[in-house]
Amino acid sequence: MDKKWIVIASCVAFGSCSHFSSNTERSKGVVADATMNTVTIVNAENDTLSFGTLNADKTGLDGLLIGDSLEIAYSGHYEPGMEALSLTTIAKVRKDLHSRLFEQGIRTEAVDGSSQVQYLLFSPDSSEVELYKADGTLELTLKRRTLPAGGYAWNVEDDATKNVRQEDGLWTVSQRGKLLLKQPQSDGNEDLGPWKESRYEGLLPAADGPGIRYQLVIRHRAYSGDGRFLLRLTYLEAEDGQDKTCTCMGQRYTQRGIPSDNDATVWQLISDLGDETYNFLYNQEGQTLTLLDKDFRRNASDLNYTLKPIK
C-alpha cells in the first residue's frame, strides 16, 4: 500500500491531523471576563472556567468581547488559571462602542487636575491599543514594542506621539517623557475587594412623550464608594414616533446626606464630558435608586422616579 494513502487513512480514522496531543480537551462557553492575558468563560453546566492566554493560538479568534461564545483547547485535566492551547470564536456578541469601552476599556484621567479622560482599548492579542477620547472619537492606534530593558510600550517608532505603558500596575499615557494621563489608583488597589457590577432599570416620566427608560450599570470595587457607570436613556417615541437612545459614561461617587435626611446615601454620576450629572438616592433595604434634582431633593409629584435592580 502506498505510504501516502496510509497517512490519509490515519487522518480519517482519528478525525483530523491536529498539532495538539491526544490528551487535548476542549470547553465551550460564554466569555464572562477577559484581560490581556486571561479569559473566563461560563459553560452550559454553569461552571466558571478561567485560562491564561499569553501563549495561546489565537488564529481562530475574531476579537474578544464579553458575551462572545468561545471554544478553548487545553492540555490534560482542567485547573483554574491553566494555559490555554487555542481560542476559537464560535459566535460574536455585537456591542456598540460604549459597551466595549465600559467592559474592556481602561479609563485614564489627566494628572494635571483637568477633566480630560481617555480610554485605552487593547486588541485581543495586545499587539495594538486604541486611544479613545471621552466622546468616543478614536484619536490614534499604537503598536506594541519591546523595550531594551524588558517589558513593553505601545507607541509609534521614531515619533513623538503618545506612549502607553504599565507602571506599578497602572496604565499611563505620556508624551515626550511627560506624564499626561493615568489609571485611577483605586483600580489597582486589591485591598478594596473584587470588582462588582450592578444593573438597574426603570421607566421614568418625561416632560413630553410616554417616558424615558433608564438602563444603568455600575462597576466598582466591593469596598469602594467610587466606580464607573454606563447609562442609557431611551426616550420613547421621541422622534416621529421612534425611540431615541442616548448613552453616557463616567464616574460614580458616593455622598452622604440630603436636605431631608443627613444620613441618606446618594450616588452622584458625573459624565466623562462633564456635561451631565445625575443624583440618585440609594435605598439599601430595597436596593433601589430614586432620581433626585440638582439640589438633592425628591420630586414632589407622586410619579415614579425609581430604578430597580435587575440581574
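The values are calculated or read from the model by the stated rules, or taken from the named source; none is laboratory data. Keep in mind it's a predicted model, so treat the numbers as computed, not measured. No Cβ is skipped: glycine too gets one built from the backbone with ideal geometry, and neighbour counts run over all protein chains shown.
Looking only at segment 167-183, how many residues end up being within 30 Å of ALA32 (Cβ to Cβ) and at pLDDT 95 or above?
Total meeting the criteria: 7.
Identify all residues within segment 59-79 that are more than 20 Å from the chain's Cα centre (by Cα) and closer than 26 Å to GLY105 by Cβ; write none if there are none.
Of everything in segment 59-79, those that are more than 20 Å from the chain's Cα centre (by Cα) and closer than 26 Å to GLY105 by Cβ turn out to be THR59, GLY60, GLU71, ILE72.
So GLU237 fits all but one of (1) part of a loop (DSSP other than H, G, I, E, B); (2) at positive phi; what number is the exception?
Condition (1) is where GLU237 drops out.
Considering segment 31-76 alone, what residues qualify as being of a type outside the set (Gly, Ala, Ser), in contact (Cβ under 8 Å) with a residue 24 or more places away in the chain and either in a loop (DSSP other than H, G, I, E, B) or in the same structural domain as SER126 (by TED's automatic domain parsing) (or both)?
Across segment 31-76, the qualifying residues are MET36, ASN37, THR53, LEU54, ASN55, LEU61, ASP62, LEU64, LEU65, ILE66, ASP68.
Any idea which of (1) touching a Gly at 6+ places or on another chain (Cβ under 7 Å); (2) buried (at least 16 other Cβ atoms within 10 Å of the Cβ); (3) under 23 Å from GLN116 (Cβ atoms) is the one GLY188 doesn't satisfy?
(2) is the only condition that GLY188 fails.
Would you mind finding the one in THR290, THR254 that is more than 24 Å from SER186 (Cβ to Cβ) and touching a strand residue (DSSP E or B) at 6+ places or on another chain (Cβ under 7 Å)?
Within the list THR290, THR254, the selection yields THR290.
Restricting attention to segment 200-223, which residues are buried (at least 18 other Cβ atoms within 10 Å of the Cβ) and within 26 Å of LYS133 (Cβ to Cβ)?
Those that are buried (at least 18 other Cβ atoms within 10 Å of the Cβ) and within 26 Å of LYS133 (Cβ to Cβ): TYR214, LEU216, VAL217, ILE218, HIS220, ARG221.
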